[in-house]
Structure formats: C-alpha cells, structure tokens
Ligand code: MSP
C-alpha cells in the first residue's frame, strides 16, 4: 500500500463551470478510484482559484461583493463535482485564511530568490499572464486563447529569479524526474524553457487589489499564479506541517494551456523551498465542438449540467473518458454523444446485462462464488493505467464487453437451454457472467455508478434479477 497524492487545477471563479472544466475532475477521479482499488491511501485535492482581476471585474459588473461572488461560484464547482460522481478528499479555496497565511510564509521562504524591478510589457488578463515580446509578435498582439488584445503595462513588480533554477528544472524534465505527459508536451516545454525570463510574482495594489498581500509591503499583492500554485502544498498544511507522507504529488492533472505555469514557475518555487518536484504532470487536451474552440460568441458552448441530465452521469463519464482522448484535443457534439449512448452504452453494455440477467433468472442460475477480482491482474490494462493512457485503458476494457457479446452470439446459451444439459447451461452462463464481472471491474474507475449496479445484480449466492428498466434506456 502506498500513500498517493493527486491534484487537479483549481479553476477561476469568474463564472459558472463550463464543459472544459470537467476533464481535470474526471481524469483525477479515475486515477483516485484506480489507486484506491489497488489498496493505496489516496488524497485527492481540488478547489477554486479566487483572487485576481478577472474575478474582481466580474463581481463588480454583477454588482456583487467580490467575496460573495467568489463563494457563489465556488459552490457551483462543488455542485458540479458532486454531480460528476467525483470524490475529492479535499477542497481548498484560495481565499481560505489558512491558505493566505501559508502563502505569505511561502513568500518569505522564497525571498532570497525574489527581487524588485520595473516591468514594462504585455499582459493577458484572461490568462493572468505576462507575455514576452516574442509571444506578442507571434500572436500579432492578440491572445489566441482569449481572442483579446494584450494589455501594455508598466509597473513595479517583484520577480522570481527563474535563472536560479532553470538548469536544474531542464535536467529534471529531461531525466523524467519530473515526468511531463504526453511526451510531445514535454518537448514543447523544454523548448520554452530555453529562453524563459525571470517571472514577475507580484502586482501593485492599484492594478490588482483582490489578492494576497506581500508580507512587509502593502503596496503589492501576489501574482495569482504564486497564490494558486501554492494550494497544492498549503492544502497539506505546508509550511507548519511535515507533508512528506503525501508530497511529492504522484500526479497533477492540468490542461495544456496552463502546463507552462506548472512546469516552470511551480518547479522553481518548489526548488526554492527545498521541496521535491511532483512525479508526474499530466496535461490533457481541450474539448472542442466540431474541431472549434467552444466560445460564447460562436454559440457552441455546452453546459455540463445539461449533458449530465440528458442521460445520467455514467453516460457523461463514458463519453468524456473514452471518446475525449486523454492527451489531445477532441470533439464533443450532441450527435456523437447520442451515438455513443445508444450504440455503445445501451447496446453493448445495457443489453448485455439485460440478456445475461434474464437468461440466468429464467434458468435459475446462481453464481456460486466469485473470487475478489484484483484490478491489476490484467497486464495490458494496468500498463495503460500506469502510463496515464486512460482512454486506451477504457477502450481495452470495452473490447472485453464487446467480446462477451460475440461469445453469446457464438455459444447461443438459449439453444443450450433447449437442447443441452443443466450443467452445460450453468457452465456457459457462469463463464459469461464471470467474464462480464471482470470487465466490469476494469470499467469501475471510469463508470463507478453503473458498475456497482452490475456487481449487485450478479452477486454470488443470490437470485439474479434483471433490472426492471434497462440500465441505459433508449430515447
Ligand atoms: N486558475 C487557473 C488554474 C490554477 S491551477 C494552480 C486556471 N483556471 S481555469 O478555470 O481557466 O481552468 C481550469 C482548468 O480547466 C485548467 O486545467 C484548464 O486547462 C481547463 N480547461 C479550461 N477550458 C478547457 C477546455 N475547453 N477543455 C479542456 N480543459 C480546459 O487556469
């Protein structure tokens, strides 16, 4: 048994959650459930990122006190997490007093790597990020993620001397001591690190009032990324607690847009604090609509709650964990979602359960005993899971479901019922059901709800009763 620590990015509370936010939750939850099944003690940390101008401006526009506004939206993220059947063990808000105090202590510990200087250059408020002239030129002055022109700013800032750590960070990434997944992102980051300048880590209060004050200098507040990244260790009680049981993190899930903050600023902070680097940073792709970014102006934004309500949470998890590739951008469209629901979940799995349970019930088949199935007994599946290739592990488990359907068509248990002996029928159905229970176990980190129902239906030593309504009713 190991102690495992897994985290998600903490979203900004400048609005309600959107569909893009679900990937972090679902991937981390799958990892959490898989490791829990392996018998590990897992801490699964998430939360909300509440400071910064974006949140402040939205609250102001809505005419709501900023901390009330942050609380309302933070609650919406908590509600979404519950709807997704995602089970974090910790939820931090960066406005928690303990977090703010710990952040200030972290700042003090980093002081020998921090200096004051003036900054004149570009900033993207959407990314809460300083932009180099090179990036400005490459993007013609407009942020590709937010489609807004970069702002010119000129101000006094504190800087974190990335140059103190750069070579060590590059080496840690090259040697996979800090493993960046997928590999093509690792290459991008190594390229970026070559000419990464020191990073501004504060903003004057006049430009950013909604933030954690810098210790001993009330004219400045912390740059949101310093505050946000710290959450991964303040949530464990750093600096006053010994966090070595759970730190370094085993897996940190983030979207591709924020990988650079997690692989440049974050390692620099950790090195400055004398803490080890996380073992894996897994960067997932973006959810697109017909190959396009979702945006309010294009009118193609999907509301996660609407999609969950459509066919239930297992159908939602099914689509996002199987059909959205773990590492690269993938499409969500309602048509594809419907297709996956009807042709795969309802046909492959729902019908299979119904058919097997009905046959077993009609012929009084009871499963005598089932050995506890260990989730790591299938080598190929474990390899995929351990490499964070979750969508491939899911495909692999699904193939097992499809193979059981094929076996039924070939072995025709209904004919054995007519022409064979009771023993032959029992042997055939028991073997099919055990195969289903094995596939079910492999599917359980992805589809916790329905797999639990299936285990209950086919529980050893009791009458097998087919579900009254199909597991995935068709429209
Ligand atoms: N607050 C920062 C993260 C700080 S972590 C110390 C932030 N917030 S965010 O709300 O913009 O994004 C939260 C997460 O959602 C990130 O992992 C981001 O990549 C992810 N996504 C946002 N839109 C997305 C898609 N359309 N598709 C997939 N994930 C995307 O960044």
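Observations
- Cα Rg, Dmax, segment 1-106, angstrom units: 15.1, 51
- Label-reachable residues, segment 150-174, where backbone N falls under 20 Å from a point 7 Å from residue 219's Cα toward its Cβ: 153-160
- Dimensionless Rg over Rh [segment 214-358; C-alpha; Kirkwood]: 1.12
- With contributions of -39500 (n - 2.57) from each DSSP H run of at least four residues, the per-residue ellipticity at 222 nm computed over the chain stands at -13000 deg cm²/dmol.
- Global size of segment 23-63: 16.7, 49 Å for Rg and Dmax (C-alpha atoms, Rg to one decimal, Dmax whole).
- Working from label points 7 Å from Cα in the Cα-to-Cβ sense, the residue 298 to residue 72 distance is 2.9 nm.
- Segment residue 139-residue 386, length gained on full extension (0.36 nm per residue, minus Cα span): 85.2 nm
- The alpha carbon centroids of segment 7-75 and segment 338-395 are separated by 31 Å.
- Approximating the spin labels as points 7 Å out from Cα along Cα→Cβ, the residue 351-to-residue 328 distance works out to 3.1 nm.
- Helix axis angle, 224-234 relative to the chain longest principal axis, alpha carbon, degrees: 50 degrees
- Contact order normalised by residue count of the chain, Cα under 8 Å, 6+ apart, percent: 16 percent
- Cα centroid separation, segment 306-328 to segment 199-224 (Å): 39 Å
- Calculated P(r) of the chain - Cα pairs past 39 Å, %: 29 percent
- Between residue 273 and residue 156, full extension at 0.36 nm per residue minus the direct alpha carbon distance yields a gain of 39.7 nm.
- Chain lengthening between residue 105 and residue 412 when straightened (0.36 nm per residue, less Cα-Cα): 103.7 nm
- FRET efficiency estimate (nearest 0.05) - Cβ-Cβ, residue 190 to residue 147, R0 30 angstrom: 0.60
- To the nearest ten degrees, helix 66-83 and the longest principal axis of the Cα atoms of the chain are 20 degrees apart.
- Taking every alpha-carbon pair within segment 133-226, the share separated by more than 21 Å comes to 52 percent.
- Values of log10 I(q)/I(0) for segment 386-475 across q = 0.11 Å⁻¹ run -0.38, by the Debye formula with one identical scatterer at each alpha carbon and no solvent.
- Two-site label geometry, residue 286 and residue 183: point separation in nm, points 7 Å out along Cα→Cβ: 2.5 nm
- Normalised contact order of segment 197-267, rounded percent, pairs of Cα under 8 Å and 6 or more residues apart: 24 percent
- Each principal axis of the Cα atoms in segment 161-288 has its own extent, and those three values, largest first, are 42, 35, 33 angstrom.
- Ranked list, fewest to most other Cβ atoms within 10 Å of each Cβ, for 5, 123: 123, 5
- Crossing angle, helix 22-37 versus the chain [Cα axis fit, 0-90 degrees, rounded to tens]: 60 degrees
- Convex hull volume of the C-alpha atoms in segment 60-174, normalised per residue: 214 Å³.
Here, each number is a calculation from the coordinates, and none is a lab measurement. For clarity, every value in this text was computed on a predicted model and none was experimentally measured. In this analysis, Cβ positions are derived from the backbone assuming ideal geometry, glycine residues included, and neighbour counts consider all displayed protein chains.
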